[in-house]
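Participant: Take a look at this one; I'll ask things after.
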Amino acid sequence: MSLRLLSLLPLALLAACMSGPPPEPKAPPQRWVESPNGEPLPFAPGQPDCAAALTAWMAQADKNGDGVVDMDEMVTDAARWFAIADQDHDGQVTSDELTEVRRRLVPPEPEPQPESPPEAADDGRQGGPPGGGPGQGRARLRSNVRLDPVMQADANADFRVTALEFRTFVIDRMQGRSVSRTDLLRGCDSARR
């Protein structure tokens, strides 16, 4: 081996070490959106996106057809969704029941796999902290945490939501307002960002 090639070896090793963390897994395309009451609305062949799914939800929730979902209609829709989520019909919804009904409505997707660079080899060594540096993994987790739109109605923190708790929560959240199609579709715009 020539002396020139040997002198380039440390630089090549240094460049390999500085290449950064492994690439993030690609997020699968969005396949569903939640109604304002927390019901999963899966995208179907006739509903290929957020706007179509929410528009279809609004068509069934807007009972008088005036183009808005008023508080009474929202409470009626919340009662309909609560009855679906209450799998054992005991008048309360638990996180296990929600998980099961959501799994039925929107089957889970396979876990995304990170893309490995073709030249990367697994030599069995452990790398640095996940997420590209100290503390970044924890920060990323915190930024992805969101409150469940049904379980946050659990007023007495007993890990179950009664029909009365859910109804009260919906009424408090609505504050006498109505929701228009434009209001609903703003959620689609913010989900894209």
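Participant: List every residue pair whose Cβ atoms sit under 9 Å apart, with the two residues 6 or more apart in sequence or on different chains, where the first one lies in region 164-191 and is within 16 Å of residue 55 (Cα to Cα) and free of Cβ contacts under 8 Å to residues at least 60 places away in the same chain and the second, anywhere, is of a type in the set (A, V, I, L, M, F, W, C) and part of a helix (DSSP H, G or I).
Facilitator: 189/50
Participant: Does residue 61 satisfy the criteria of being aliphatic (A, V, I, L, M), at pLDDT 95 or above and more than 22 Å from residue 186 (Cβ to Cβ)?
Facilitator: no
Participant: If I filter region 37-56 down to residues being buried (at least 18 other Cβ atoms within 10 Å of the Cβ) and assigned to a strand (DSSP E or B), which single residue comes out as modelled with the lowest pLDDT?
Facilitator: The residue in question is 47.
Participant: Also: Using the structure shown, decide if residue 34 is under 27 Å from residue 177 (Cα atoms) and either surrounded by fewer than 14 Cβ atoms within 10 Å (Cβ to Cβ) or at pLDDT 85 or above (or both).
Facilitator: yes
Participant: Right, next: Please indicate, with yes or no, whether at least one residue in region 79-87 is over 29 Å from residue 182 (Cβ atoms), in a loop (DSSP other than H, G, I, E, B) and at pLDDT 90 or above.
Facilitator: Yes, that holds for at least one residue.
Participant: Turning to a different aspect of this structure: Within the bounds of region 121-136, is there any residue that is at pLDDT below 90, within 24 Å of residue 34 (Cα to Cα) and out of contact with any Leu (no Cβ under 7 Å at 6 or more places or on another chain)?
Facilitator: No; the residues of region 121-136 include none that is at pLDDT below 90, within 24 Å of residue 34 (Cα to Cα) and out of contact with any Leu (no Cβ under 7 Å at 6 or more places or on another chain).
Participant: Can you work out which of the residues in region 57-75 that are in a loop (DSSP other than H, G, I, E, B) and of a type in the set (Asp, Glu) is farthest from residue 167 (Cα to Cα)?
Facilitator: Step one: list which residues in region 57-75 are in a loop (DSSP other than H, G, I, E, B), which gives 62-67, 70.
So of that shortlist, the ones also of a type in the set (Asp, Glu) come out as 62, 66, 70.
On the way: 62: 17, 66: 23, 70: 14 Å.
Only one residue fits best here, namely 66.
Participant: How many residues are within 16 Å of residue 35 (Cβ to Cβ), in contact with a helix residue (DSSP H, G or I) (Cβ under 8 Å, 6 or more places away or on another chain) and touching a residue at least 24 places away in the same chain (Cβ under 8 Å) if we restrict to region 69-97?
Facilitator: The total comes to 11.
The values are calculated or read from the model by the stated rules, or taken from the named source; none is laboratory data. Quantities reported herein were computed from a predicted structural model and do not represent experimental measurements. Cβ coordinates were reconstructed from backbone atoms using ideal geometry, including for glycine residues, and neighbour counts include every protein chain displayed.
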